[in-house]
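The values are calculated or read from the model by the stated rules, or taken from the named source; none is laboratory data. Please read all numbers here as calculations on a predicted model, not as lab measurements. As a convention, Cβ positions derive from the backbone with ideal geometry for all residues, glycine included, and neighbour counts pool all protein chains shown.
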Amino acid sequence: MKNRYTLFILIVSISVATLIHFPELVSLFDVFESQTLFPGMRPADVASEVFFTFISLVILFEVNILLFHFNQSAVKITWQKMILSLILTWILSSLLGKCFVFLHHTFDIPAIDAMVHHYLHPLRDFIITCTVSGSCYISYLIRRQQEVVIENQQLQAENILNQYEALKNQLNPHMLFNSLNTLRSLVREDQDKAQEYIQELSRVLRYTLQGNDSKSVFLKDEIEFVSAYIFLLKMRFEDNLSFDIGIDNKYGNYYLPPMAVQMLIENAVKHNEISDKRPLNIRIYTEGEELIVTNPVQPKLTATTGTGIGLANLAKRYYLLYKREIQISENEQFTIRIPLISSVS
């Protein structure tokens, strides 16, 4: 940042020093004008004037930085400071001009002696003053604005991360609660099945714990986890619940939020009747760069109350992570399309 500010000072100083002496520079190439407006002027005189003006501008910038700290956005620049900066810069600019005249007369340093040039000194001091103080203040405002933008982006990123963590942390307790209820029933009915259920439950919990810090997972890993979760469900519902899974292998390394497919399956199981009379079939397949989960709509006779976890959770996670949306349609089939992400930053 310091190097950028120094470069800014040098560019402004060179530009202003050149433009202020633009009439003299133009006259160098016009023999008639150089003799009428600036008689006896030589290229060395103009070069000396431009160089000294450049040095004066750099000094004035440095004085303003040292006294008023324009390069520090944490320091508040008030209108009183701006007035002081203008007054001080104007006085110093005039003194530096007189210093140059003194050096010219004492040490014969090249300079323009034309009367018109001397008449322009007050105007040039005013231009230099406005340029230095104005540039310092504009640079200060730009730096403050940039820092505000950066702070807002940092706050937004932290807010998004906090929202995401809050959403993710809702999932594990909910799934564990349902799984433990099923396990309790199995322990009473069939201990052999209960042991097998515990093994698959451990696979499911291992996945959720290992992926606890992951914001995105590969589709192939998610489907492997889902196969263990499906086993848990089939232990509970047996032949009344079936799955058709058709995942194109070329999408195996595409990304999606962890436990997204599990949540969609859980949503279908929670809201639909699953019985001998009305078995439920859930299809999971890829189509283009989308994963589709669909099931027939067969509402339960007794309405189930939600826990606040489900499609809204998944939709929020997709928006926070990828700025993408899921698509939901419902007729005879309840269908959810979730985007598969080819790459994540």
Some residue of region 14-34 being farther than 19 Å from Ala111 by Cα, modelled with pLDDT of 80 or more, assigned to a helix (DSSP H, G or I) and not aromatic (Phe, Trp, Tyr): yes
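Could you tell me which of the residues Ser85, Ser73 is in the same structural domain as Glu147 (by TED's automatic domain parsing) and part of a helix (DSSP H, G or I)?
Working: Ser73 fails: part of a helix (DSSP H, G or I).
Result of the check over Ser85, Ser73: Ser85.
Based on this model, can you work out whether Glu266 counts as acidic (Asp, Glu) and within 19 Å of Glu330 (Cα to Cα)? Quick ask: steps written out before the conclusion?
Values: acidic (Asp, Glu): yes; within 19 Å of Glu330 (Cα to Cα): yes.
Yes: the conditions hold for Glu266.
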Residue that is surrounded by the fewest Cβ atoms within 10 Å (Cβ to Cβ), among those in region 229-265 that are more than 22 Å from Gln195 (Cα to Cα) and among the acidic types (Asp, Glu): Asp244
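Restricting to region 270-282, give me the number of residues that are buried (at least 17 other Cβ atoms within 10 Å of the Cβ) and within 42 Å of the chain's Cα centre (by Cα). If you could, list the steps in order and put the result at the bottom.
Within region 270-282, the subset buried (at least 17 other Cβ atoms within 10 Å of the Cβ) is 271-272, 274, 280, 282.
Add one more test, that the residue is within 42 Å of the chain's Cα centre (by Cα), and what stays is 271-272, 282.
Total meeting the criteria: 3.
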Index of the failed condition, Gly252 passing every other in (1) among the small types (Gly, Ala, Ser); (2) in contact (Cβ under 8 Å) with a residue 60 or more places away in the chain; (3) in contact with a Phe, Trp or Tyr (Cβ under 7 Å, 6 or more places away or on another chain): (2)
Restricting region 108-128 to residues that are touching a helix residue (DSSP H, G or I) at 6+ places or on another chain (Cβ under 9 Å) and of a type in the set (D, E, K, R), the residue that is modelled with the lowest pLDDT: Asp113
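Conditions tested, residue by residue: (1) outside the structural domain of Phe237 (by TED's automatic domain parsing); (2) part of a helix (DSSP H, G or I); (3) at pLDDT 90 or above.
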position	(1), (2), (3)
Thr286	no, no, yes
Gly306	no, no, no
Ile309	no, no, no
Tyr319	no, yes, no
Glu325	no, no, yes
Thr335	no, no, yes
Residue match in region 91-110 (condition: part of a helix (DSSP H, G or I) and touching an Asp or Glu at 6+ places or on another chain (Cβ under 6 Å)): yes
